[in-house]
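Asker: Got a structure for you, written out below as structure tokens; questions coming shortly.
What follows draws every value from the coordinates through simple rules; no lab data is involved. All values reported here derive from a predicted model rather than from experimental measurement. Glycine gets a Cβ as well: all are built from the backbone with ideal geometry, and neighbour counts include every protein chain shown.
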Amino acid sequence: MAGGLPRSYYGTLKSEMNRIWSEGKIPIFDVDVYGGINLKKYFGDLALAIFIQPALLAGTRKTVAAQGNRKRREPADQAEQG
């Protein structure tokens, strides 16, 4: 316990990784940069890191603005129009 607070652990168990590999499958993680760095440190050459750059902010703002101009439908209306 650091500072009197219990330490929390989360994530995928190493035993689960071994189980997936033993089945001949390849696990894929969607993590932030720090999570990717930690996975790469632990698994070394067994890990392949791929960075996917998010859309440009200007394009995202344009998309959000365009969506704001459309009439908002209630969920029941969406279900009827399928």
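Asker: Those residues that are loosely packed, with under 12 Cβ neighbours inside 10 Å and among the aliphatic types (A, V, I, L, M), I need them from the stretch 9-46; list them, please.
Answerer: Once the filter is applied, which keeps residues that are loosely packed, with under 12 Cβ neighbours inside 10 Å and among the aliphatic types (A, V, I, L, M), the stretch 9-46 yields L13, I26, I28, V33, L46.
Asker: Could you please find all residues in the stretch 29-44 being closer than 13 Å to M17 by Cβ and part of a helix (DSSP H, G or I)?
Answerer: Narrowing the stretch 29-44 to residues closer than 13 Å to M17 by Cβ: 29, 39, 42-43.
Residues satisfying the conditions are L39, Y42, F43.
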